[in-house]
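Engineer: Structure provided below as structure tokens; questions to follow.
The values are calculated or read from the model by the stated rules, or taken from the named source; none is laboratory data. Source: prediction; values computed, not measured. Cβ: placed from backbone, ideal geometry, glycine included. Neighbour counts: every protein chain shown.
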Amino acid sequence: MAIKINNSLINGIPKVGTDGLSCSIDDNNLDNVLDTGFYYGNRMTNGPKEVSSSNNCFGFLIVISHNVSKNYCVQVLFTQGNNANIYLRQKNNTWTSWYKINTTLSS
């Protein structure tokens, strides 16, 4: 499944990180972000329940995909705002629940 990144669709090798910057994935379903790369987004769906109950999850995402089929991958999400945290989940054909790996980020 393709995801929409900066008004273009990406299949296969993503245009992510070529300039050293993360790529916008606003309004995307996190279940479909499977290409290895660095992303940021707002209004992302299927984020951790405590931060996306209104489908308004926002923050930075790192994805590491194991192979071309993308059946195995890991997502690390750094949420932003007043309740900033770090979350981790993995996919082994199906996604696990989000696991909070840090309770509070401080500046």
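Engineer: Looking only at segment 77-92, which residues are farther than 12 Å from ASP31 by Cα and either charged (D, E, K, R) or surrounded by 15 or more Cβ atoms within 10 Å (Cβ to Cβ) (or both)?
Structural biologist: LEU77, PHE78, THR79, GLN80, ALA84, ASN85, ILE86, TYR87, LEU88 - these are the residues of segment 77-92 that are farther than 12 Å from ASP31 by Cα and either charged (D, E, K, R) or surrounded by 15 or more Cβ atoms within 10 Å (Cβ to Cβ) (or both).
Engineer: Which numbered condition in (1) of a type in the set (Lys, Arg); (2) out of contact with any strand residue (DSSP E or B) (no Cβ under 7 Å at 6 or more places or on another chain); (3) modelled with pLDDT of 85 or more is the only one that LYS4 fails?
Structural biologist: Among (1) of a type in the set (Lys, Arg); (2) out of contact with any strand residue (DSSP E or B) (no Cβ under 7 Å at 6 or more places or on another chain); (3) modelled with pLDDT of 85 or more, LYS4 violates only (3).
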